[in-house]
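A.B. asks: Can you keep this structure in mind? I'll have questions shortly.
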Amino acid sequence: MTPQDRQNRRKLSRRTAILGGAQLLFIGGLAARMRYLQVEEADQFRLLAEENRINIRLIPPARGEVFDRNGVRLAQNVPSYRIVIVSEDAGDTDLALQKLSQVVALDPESLERTRSELKRSARFLPVTIAEDVSWEDISRVSVNAPALAGITPEVGLSRVYPQGSDLAHVLGYVGPVSDYDLSRIEDPEPLLRIPRFQIGKVGVEAKREKDLRGKAGAKRVEVNATGRIMRELDRQEGEAGADIQLTIDAALQGYAQARLDGESASAVVIDCDSGDIVACASAPTYDPNLFVRGISQADYDLLTGDPYRPLASKTVQGLYPPGSTFKMMTAMAALEEGLIEPDDTAYCPGHLEVSGRKFHCWKRAGHGWVDLQNSLKQSCDVYYYDLALKVGIEKISQMAQLFGLGQRHDVPMSAVAQGLTPTKDWKAAAYGSDWVIGDTVNASIGQGFMLASPLQLAVMTARLATGRSVMPRLIKSTGGIEDPPGTGTPLPLDPENLRKMRRAMFAVVNDRRGTAYKSRIIQDNMRMAGKTGTSQVRNITAAERRSGVISNADLPWERRDHALFVDFAPHDAPKYAVAVVVEHGGGGSTAAAPIARDITLQALYQGEPPLDAYPPKDRPAIRAQQKRLREMRPQANTSGKDQA
Amino acid sequence: MSYLEHSIKAIPTGPRKILYLNWPLALLLAAVSSVGFLMLISVSGGSLRPWAEPQIKRFVVGFALMIGLAMVPIWFWRSVSGLAYLGTLLLLVTVELFGEVGKGAQRWIDLGPLRLQPSELMKITLVMFLAAYYDWLPAPRTSRPLWVLLPVGIIMLPVALVLRQPDLGTSLLLVAAGGGIMFLAGVHWAYFASVLTAGIGLVSAVFQSRGTAWQLLKDYQYRRIDTFLDPGSDPLGAGYHITQSKIALGSGGWTGRGFMQGTQSRLNFLPEKHTDFIFTTLAEEFGFIGGISLLGLYLLIILFCVWSALLNKDRFAALLTLGISLNFFLFFSVNMSMVMGMAPVVGVPLPLVSYGGSAMLVLMVAFGLLQSAHVHRPR
């Protein structure tokens, strides 16, 4: 052994002694702490724990309720009874379940589920056997309690959506916390681990979970040796979740939903003054109550298998080429750039040839000489091709963004889509190819890469109608505290240009040659202005073109055009802006405009409009339709304010 | 000091090695593990399932593994320590890329029956590598800045990866264990003093940064520190665990309620009562006597390790043994402090007692290395 080694060893031993000493000191500290907790402080705990044991149980808070703008309940909590079993108390669980099924009728499926759940969960945790049990069954269980050890009836709150399927896509639904949910939450609060505690899964229920959930309370209870609660010592009340008031008008929403029934369609109504989303309907819809109770596989398959996609929230999630409803953007861009005067005319021969490719107008014979107003009124495509070539895609996209297209609006619904206003840079990044002039031509009439959701179209229309940057608002107030309205500030645009656009949109509906003339409102103070849109979902092949345009009715449903319509009314003092999209509905003027007109009138009259608002020719048909819709919603007139 | 200078003949060979194991230590490990089995049976209400049975199987496998590793000469372990360190580092990176996400943190690699937690393994391989480093490093260089920076880098690399998972508890343990080896190896006092000062600075920075854009910890970690400092502030939220665990402990008293009679910890809503909070069950059911006995067993394990290290004339073996015992000490002391409300809840299991395969196996592997050092010590 060298002296160096010896020195090393000495040093190691010395340091070991120091570190060991520190460890010993710490262990001494641990022992002292243990003594303090278990010997000195023990009396305090032992007193409480002498005969019975003290337990802290969490009290789940009552979830906040949701109301519409007039105070109609949209989501509420109702007491529900369930039967639970604690295997530790029950002993032989199979025997206990068998005894229980002699007392109340239980379906074999839930018995099977209970058995498998009992195997998986800890012995002292309650497992739910049956939910939504009738009061009679609960009393039967209570009467037979001595024979049914370990089985107890429990009362809880369960979520009910009294408006049924009307607001499914807006409200969403709640459901029990899943393992997947837990894995996504950092440090979940103990409350979430209560079996079957319900949290929002979709829609406002999910997006406003924090407000709606509230804070857990706690009670201290004495439990006997088997864990049964003997007595409550004290309780600290939790905080109920905050109530939320939506800007939705339940009556109008119900009407819109009924009016869209049978189509794969959506409609959005925005209050031009405040940006309030008064109606946000997406058809077909589903019953959120089914999801709260746990939807059966058969029902779920039915929903997912439907080609009309009932689970999709089309108002915010659905993206469509805006078609001719986009022409206002192209025109505004050109007007703001000072490139055209409204009286400037262009000649429409039925097509425009751009770098060797022919771009057709929807009207093959052409519109002849048209100015701004006539081109919008008759929805001439060539006029806008021409404008777009002058303005360029960048200015058009900028204008569209100013009107809220291509922007994810801040609305607490699930899967709010951003849409798309293409630019040269975007195409280079997304496709790696250069922007070609044909892309601009397509974009000018809202085709090609351009995509917008019905909500975005409604916001665009509201901004056109008011000249302000109206922001959509879905939440009116949370816990009584009003959300700021989305009135917006004046857009940096020439008011004169906006007036010209509105005048042209007025002509679309009210001029004899306008594309939406058939869907006009004749009540003078309620006349609307709007724009039709028909967006292509397929490419027309050369063969098809040669054989002449095939009518939509001859095509399979999924290849037909989307029908769109946007409008605002009254035209001189805009109150509501409406956007309607009927998926594969055919033409905007025939499929979407009548729906939009009906919904607009319903909103303006705050209920069923009188027949004299409609052109005399249509009245018999409208009368029949109104009758049919009334029958579809028998509660429509009674579900008003008295329910709140 | 190298093995070549000792008489290798004095070191036992072949199956006879088994007789030269540190048997008292092995028995102590078995005793502590048995306490664990007992508690797991109690927590599951008197049943071997779902926790006690797999834990017993793991212990048997772990024990066999320990004996197997002890048969391999310690100089072999020294020669592979660099590889082991690099391999674990690679696993940590893999977890970063493909790991499974559990409780908001990414820690595991799923290997079918076993969930491998590379950060657990790192506690051992880091100690191994540092011990080999100081065995190799000529003593006069120990305190030279460059030769101090190198091990600091060796420690900080895995610490940074573990922090990213994020697992604050384990990364602090790694720092403590690595720093411990450096201290034992004889690095100059001044380094530790300056690190301590910097540490205090860092802690104040962590608190200063709260709420600003560059805040250093996650929100929930701040909340845990808050509730640690004042558990009463949020008795139903984050402070719930600590309050509950103190009530359970306190109601145990001197002798406890008796086996399987503890109701606080069984009926209460302690989600991790079979893992991190298992000590509460023990303390409630067997009282102060039970708690102090387990602490005594742990102390004995540490003492046997230190004794074995002081016996060992080989520098690598001694440092490895001390490092592993230090790790073991950190494990149980941090867990017990946490359960008794003396440290924030950081998620460190009670060694050999808490339910968990990865931790148990890694510990037994560590003790296997320790036994190998003991068996093959120069005589």
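The values are calculated or read from the model by the stated rules, or taken from the named source; none is laboratory data. All of these numbers come straight from a predicted model, not from anything done at the bench. Positions of Cβ are generated from backbone atoms using ideal geometry, with glycine treated the same way; all protein chains shown enter the neighbour counts. The area values use the complete protein model at the heavy-atom level, side chains included, leaving out ligands, DNA and RNA. Shrake-Rupley method; radii C 1.70, N 1.55, O 1.52, S 1.80 Å.
A.B. asks: Pull out all pairs, ordered by first then second residue, where Cβ-Cβ is under 8 Å, the residues are six or more apart or on different chains, the first lies in the range A:406-424 and is under 21 Å from A:L167 (Cα atoms), and the second is crowded, with 23+ Cβ neighbours inside 10 Å and aromatic (F, W, Y).
C.D. replies: Correct list of pairs: empty, since none qualify.
A.B. asks: Looking at the range B:159-193 only, could you name the residues that are more than 14 Å from every other protein chain (Cβ to nearest Cβ) and in contact with a Ser or Thr (Cβ under 7 Å, 6 or more places away or on another chain)?
C.D. replies: B:V159, B:V162, B:L163, B:T170
A.B. asks: Check A:P472, A:P490, A:P484 and return the single one that is in contact with a His (Cβ under 6 Å, 6 or more places away or on another chain) and either surrounded by fewer than 23 Cβ atoms within 10 Å (Cβ to Cβ) or at pLDDT 95 or above (or both).
C.D. replies: Going through A:P472, A:P490, A:P484 in turn, just one is in contact with a His (Cβ under 6 Å, 6 or more places away or on another chain) and either surrounded by fewer than 23 Cβ atoms within 10 Å (Cβ to Cβ) or at pLDDT 95 or above (or both): A:P472.
A.B. asks: Turning to a different aspect of this structure: Identify the residue in the range B:168-194 that is over 17 Å from B:T142 (Cα atoms) and of a type in the set (A, V, I, L, M, F, W, C) and, among all such residues, is most open to solvent (accessible area, probe 1.4 Å).
C.D. replies: B:L172
A.B. asks: Mind telling me which of the residues A:L376, A:L389, A:L339 ends up being modelled with pLDDT of 90 or more and surrounded by fewer than 17 Cβ atoms within 10 Å (Cβ to Cβ)?
C.D. replies: Working: A:L376 fails: surrounded by fewer than 17 Cβ atoms within 10 Å (Cβ to Cβ); A:L339 fails: modelled with pLDDT of 90 or more.
A:L389 is the lone residue from the list that is modelled with pLDDT of 90 or more and surrounded by fewer than 17 Cβ atoms within 10 Å (Cβ to Cβ).
A.B. asks: Mind listing whichever residues of the range A:454-490 are among the hydroxyl-bearing types (S, T, Y) and not in a loop (DSSP other than H, G, I, E, B)? If you could, list the steps in order and put the result at the bottom.
C.D. replies: Filtering the range A:454-490 for residues among the hydroxyl-bearing types (S, T, Y) gives A:461, A:466, A:469, A:477-478, A:487, A:489.
Scanning the range A:454-490 gives A:T461, A:T466, A:S477, A:T478.
A.B. asks: Can you confirm whether the range B:45-65 contains a residue that is within 14 Å of another protein chain (Cβ to nearest Cβ), without any contact (Cβ under 8 Å) to a residue 24 or more places away in the chain, closer than 24 Å to B:P351 by Cα and open to solvent by less than 20 Å² (accessible area, probe 1.4 Å)? Walk me through how you get there before you give the answer.
C.D. replies: Narrowing the range B:45-65 to residues within 14 Å of another protein chain (Cβ to nearest Cβ): B:45-52.
Subsequent filtering for residues that are without any contact (Cβ under 8 Å) to a residue 24 or more places away in the chain retains B:47-50, B:52.
Pick out the ones that are also closer than 24 Å to B:P351 by Cα and you get B:47-50, B:52.
Filter again for open to solvent by less than 20 Å² (accessible area, probe 1.4 Å), leaving B:52.
Yes; the residues of the range B:45-65 include at least one that is within 14 Å of another protein chain (Cβ to nearest Cβ), without any contact (Cβ under 8 Å) to a residue 24 or more places away in the chain, closer than 24 Å to B:P351 by Cα and open to solvent by less than 20 Å² (accessible area, probe 1.4 Å).
A.B. asks: A follow-up question, please. Give me a count of the residues in the range A:308-333 that are outside any helix (DSSP H, G or I) and either within 21 Å of A:S414 (Cβ to Cβ) or open to solvent by less than 10 Å² (accessible area, probe 1.4 Å) (or both). Explain how you work it out, then say what you get.
C.D. replies: Pass one, the range A:308-333, residues outside any helix (DSSP H, G or I): A:308-313, A:318-322.
Right, trim to either within 21 Å of A:S414 (Cβ to Cβ) or open to solvent by less than 10 Å² (accessible area, probe 1.4 Å) (or both) and you get A:308-313, A:318-320, A:322.
So the count comes out to 10.
A.B. asks: Only one of these conditions is not met by B:T170: (1) free of Cβ contacts under 8 Å to residues at least 24 places away in the same chain; (2) in contact with an Asp or Glu (Cβ under 9 Å, 6 or more places away or on another chain); (3) under 23 Å from A:A22 (Cα atoms). Which number is it?
C.D. replies: All conditions are met except number (1).
A.B. asks: Can you name the residue in the range A:3-36 that is under 25 Å from B:A283 (Cα atoms), open to solvent by 40 Å² or more (accessible area, probe 1.4 Å) and at the interface with chain B (Cβ under 7 Å from one of its Cβ atoms) and, of all such residues, is nearest to the chain's Cα centre (by Cα)?
C.D. replies: A:R33
A.B. asks: Considering only the range A:400-416, state which residues are open to solvent by less than 30 Å² (accessible area, probe 1.4 Å), within 14 Å of A:A458 (Cα to Cα) and part of a loop (DSSP other than H, G, I, E, B).
C.D. replies: A:F403, A:G404, A:L405, A:G406, A:H409, A:V411 - these are the residues of the range A:400-416 that are open to solvent by less than 30 Å² (accessible area, probe 1.4 Å), within 14 Å of A:A458 (Cα to Cα) and part of a loop (DSSP other than H, G, I, E, B).
A.B. asks: Has the range B:146-164 got at least one residue that is under 30 Å from B:P54 (Cβ atoms), open to solvent by less than 20 Å² (accessible area, probe 1.4 Å) and of a type outside the set (D, E)?
C.D. replies: Within the range B:146-164, one or more residues are under 30 Å from B:P54 (Cβ atoms), open to solvent by less than 20 Å² (accessible area, probe 1.4 Å) and of a type outside the set (D, E).
A.B. asks: Another question about this same structure. Given the condition open to solvent by less than 60 Å² (accessible area, probe 1.4 Å), part of a loop (DSSP other than H, G, I, E, B), modelled with pLDDT under 90 and touching a Lys or Arg at 6+ places or on another chain (Cβ under 6 Å), answer yes or no: does some residue in the range A:226-234 qualify?
C.D. replies: No: the range A:226-234 contains no residue that is open to solvent by less than 60 Å² (accessible area, probe 1.4 Å), part of a loop (DSSP other than H, G, I, E, B), modelled with pLDDT under 90 and touching a Lys or Arg at 6+ places or on another chain (Cβ under 6 Å).
A.B. asks: Which ones in the range B:321-352 are assigned to a loop (DSSP other than H, G, I, E, B), aliphatic (A, V, I, L, M) and over 12 Å from the mean Cα position of the chain (by Cα)? Lay out the reasoning, then the answer.
C.D. replies: If we filter the range B:321-352 for residues that are assigned to a loop (DSSP other than H, G, I, E, B), which is where we start, we get B:340-352.
This time we only want the ones that are aliphatic (A, V, I, L, M), so: B:340, B:342-343, B:345-346, B:348, B:350, B:352.
Within the range B:321-352, B:M340, B:M342, B:A343, B:V345, B:V346 qualify.
A.B. asks: Scan the range B:306-320 and report the pairs whose first residue is within 11 Å of another protein chain (Cβ to nearest Cβ) and of a type in the set (D, E, K, R) and whose second residue is open to solvent by less than 10 Å² (accessible area, probe 1.4 Å) and outside any helix (DSSP H, G or I), with Cβ atoms within less than 7 Å and a gap of 6+ or a chain change.
C.D. replies: Matching pairs, first to second residue: B:K313/B:P378; B:D314/B:P378.
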